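The values are calculated or read from the model by the stated rules, or taken from the named source; none is laboratory data. Predicted model, so just to flag it, every value in this text is computed and none were measured. Positions of Cβ are generated from backbone atoms using ideal geometry, with glycine treated the same way; all protein chains shown enter the neighbour counts.
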Amino acid sequence: MSEATYISTYEVIGMACRSCAATVTEEVELVDGVTSVTVDVASGSMTVTSERESDPIAVRAAVEEAGYELTTPQGLSVGSSTQP
């Protein structure tokens, strides 16, 4: 039996380059339970995949630690699950 995968999509405000995306990715990957982070600078979006519901406050804190602003989840929000 496979475990659920939780996917959350956010808008990150203020990123302008790949270095920005790398900084955000590194910080968010440190959040407990996060298994992967994909950042698209062009659209300003970030997709977080986790093994359980990720803490949106912890995700926001990680993005702010990187120096950027985070909006609320879009699309498949925290708590939505998809099977891998």
With the requirement that a residue be farther than 13 Å from T71 by Cβ, buried (at least 17 other Cβ atoms within 10 Å of the Cβ) and hydrophobic (A, V, I, L, M, F, W, C), what does the stretch 2-22 give you? I7, C20, A21
Where the second residue is among the aromatic types (F, W, Y) and the first is touching a residue at least 24 places away in the same chain (Cβ under 8 Å) and lies in the stretch 10-30, which pairs have Cβ atoms under 7 Å and are six or more apart or on separate chains? V12/Y68; I13/Y68; G14/Y68; M15/Y68; V24/Y68
Please find, among T38, T47, T25, the residue that is surrounded by fewer than 21 Cβ atoms within 10 Å (Cβ to Cβ) and over 14 Å from L70 (Cα atoms). T38
Index of the failed condition, L30 passing every other in (1) of a type outside the set (V, I, T); (2) at pLDDT 95 or above; (3) more than 17 Å from A61 (Cβ to Cβ): (3)
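In this structure, does V48 turn out to be part of a loop (DSSP other than H, G, I, E, B) and among the β-branched types (V, I, T)?
Working: part of a loop (DSSP other than H, G, I, E, B): no; among the β-branched types (V, I, T): yes.
No.
Working only within the stretch 61-71, note down all residues that are in a helix (DSSP H, G or I) and either surrounded by 18 or more Cβ atoms within 10 Å (Cβ to Cβ) or in contact with a helix residue (DSSP H, G or I) (Cβ under 7 Å, 6 or more places away or on another chain) (or both). Even if it seems obvious, please write down each step before you answer.
Going through the stretch 61-71, the residues in a helix (DSSP H, G or I) turn out to be 61-65.
Across the stretch 61-71, the qualifying residues are A62, V63, E65.
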